[in-house]
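To start, the structure under review is shown below, and the notes come after it.
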Amino acid sequence: DRRVSGIGRKRRCRPPVLYYSRQNDCLRTELSSLFRSFPDLFPRTFPWAEEAFGTGPPDAVNLWIGDERAVSGMHKDHYENLFYVV
């Protein structure tokens, strides 16, 4: 149990929050071997989402990996987003 002295108090050192995030259709381009190797893990499309969004297959498939401590700041995307949690 490591402790760090703060301003007049001690607090626990927490492990860093690690995550991986890539954009621009990274799963089908930069990580295409991963995308192709696990078709059951990375579905090519979600027909129900295409119907709900009124679109065809996704324009981009991106990858974000993190645990419950990793968060993304508030922002606006120019695409409809579907988060697929494994």
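The values are calculated or read from the model by the stated rules, or taken from the named source; none is laboratory data. Bear in mind the structure is a predicted one, so any value in this text is a computation, not a measurement. Remember, those area values only see protein heavy atoms, side chains included, never the ligands or the DNA or RNA. Shrake-Rupley method; radii C 1.70, N 1.55, O 1.52, S 1.80 Å.
Which whole-number percent of Cα pairs in segment 6-86 have a distance greater than 20 Å? In whole percent, the long-distance tail amounts to 48.
Taking amide H as placed 1.01 Å from N in the peptide plane, the amide H of L63 sits under 5 Å from that of R22, C26, L27, each at least 5 places away or on another chain. Phi angles across segment 61-78 convert, under the Karplus curve 6.51 cos²θ - 1.76 cosθ + 1.60 with θ = phi - 60°, into 3J(HN,Hα) values of 10, 10, 10, 9, 10, x, 9, 5, 8, 7, 10, 10, x, 4, 7, 10, 9, 8 Hz, Gly and Pro given as x. Ellipticity at 222 nm from helices only: DSSP H runs of n ≥ 4 in the chain, each -39500 (n - 2.57), divided by the residue count, give -3500 deg cm²/dmol. Fully extending the segment from C13 to I65, taken as 0.36 nm per residue of separation minus the present Cα-Cα distance, adds 16.4 nm.
For the chain, the per residue solvent-accessible surface stands at 90 Å², with DNA, RNA and ligands left out and a 1.4 Å probe. Once you keep just the Cα pairs under 8 angstrom separated by 6 or more residues, what percentage relative contact order results for segment 4-86? About 39 percent, as a whole number.
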